[in-house]
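Reviewing the structure listed below.
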Amino acid sequence: MASIYSQDNIESLYELLARAAGTKIFNAKDYDAVITEPSFWPNMIYNPRFDRKNLRTRIHSLKIGSQTSNGPNYIMSDPGKTSQELLSGLKDLNLKIGHWTAMHRTLQDLPEYTQPTLKIAEVKVKSELVHWLHVLNEALMKESKVDASMFENILSNENIQILVGTLDGEPVATSMSFIHNGTCGIYLVATLEPFRGLGIGRDMTLRAMKIGKELGCSQATLQSTNMGLSVYRNLGFEDCGEIEVFDVSKSS
């Protein structure tokens, strides 16, 4: 199952970021990445293929590049492709700063919504995007706030659905789906803190899944923090491995 996740979630995430940033995926000899302006998204390597023998030297060169030319600052492992030998080497350099859990679910037999007062709508215009982005930044991004222009670039993309959840007309939650190669990738599920524990995040995720099914997808994938694991497992998602994140700037 990790290979299913790897092919459809990691690559679709970066395809999504590239479209939003108006750029292309950057392919180096030993990694792939999307290089954007800092206000868009952290420049992060995915599908790393570094040689363990000269790993310290290679990481140091990436550190210099990130400081001088807006090169990638972070490395994200791929549960289906990144070798255990490379992961071990990156851990030996004390660069790890966190992880997500890769998850996968078929879109058969979807459950029903549990929060009847939650209204979920698709964001279609820039004026609606302002409210969605406020919730996203407050609930999920915190200090690393993202720029509205990133999402303005993808509002009209028929394969991307930006969803906002409201209670009594107040925006309280977000999610987003990206249809890519027959898979529904689910991203940016977030709920404002006072409204957590009410099943809102579950229903925001479920709505993205149902959209994916309506558009012909057979499966959904996502990346979960520890906080969201129980929500996604209760929705029927299965773990596919760990996505470990490393900070190049920590190299010596």
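Here's the yes/no breakdown for (1) free of Cβ contacts under 8 Å to residues at least 24 places away in the same chain; (2) under 20 Å from residue 73 (Cα atoms):
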| residue | (1), (2) |
| --- | --- |
| 89 | no, yes |
| 97 | no, yes |
| 101 | no, no |
| 105 | no, no |
| 117 | no, no |
| 120 | no, no |
| 126 | no, no |
| 131 | no, no |
| 145 | yes, yes |
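Would region 189-211 turn up any residue that is surrounded by fewer than 22 Cβ atoms within 10 Å (Cβ to Cβ), part of a helix (DSSP H, G or I) and at pLDDT below 95? Checked region 189-211: no residue is surrounded by fewer than 22 Cβ atoms within 10 Å (Cβ to Cβ), part of a helix (DSSP H, G or I) and at pLDDT below 95.
Answer yes or no as to whether residue 162 is farther than 19 Å from residue 248 by Cα and either among the small types (Gly, Ala, Ser) or crowded, with 16+ Cβ neighbours inside 10 Å (or both). Against the criterion (farther than 19 Å from residue 248 by Cα and either among the small types (Gly, Ala, Ser) or crowded, with 16+ Cβ neighbours inside 10 Å (or both)), residue 162 qualifies. Among the residues of region 219-235, those identified as touching a residue at least 60 places away in the same chain (Cβ under 8 Å), buried (at least 18 other Cβ atoms within 10 Å of the Cβ) and not in a strand (DSSP E or B) are 232, 235. When 136, 118 are checked against the criterion of being among the aliphatic types (A, V, I, L, M), buried (at least 17 other Cβ atoms within 10 Å of the Cβ) and within 14 Å of residue 189 (Cα to Cα), 136 stands alone in meeting it.
For region 147-187, residues that are part of a strand (DSSP E or B) and in contact (Cβ under 8 Å) with a residue 12 or more places away in the chain total 23.
Name the single residue that is farthest from residue 207 (Cα to Cα) among those in region 62-108 being assigned to a loop (DSSP other than H, G, I, E, B) and modelled with pLDDT of 95 or more. So, considering only residues that are assigned to a loop (DSSP other than H, G, I, E, B) and modelled with pLDDT of 95 or more, the one farthest from residue 207 (Cα to Cα) is 93.
The values are calculated or read from the model by the stated rules, or taken from the named source; none is laboratory data. Predicted model only: the values in this text are computed from it and were never measured. We place every Cβ from the backbone using ideal geometry, glycine too, and count neighbours over all the protein chains shown.
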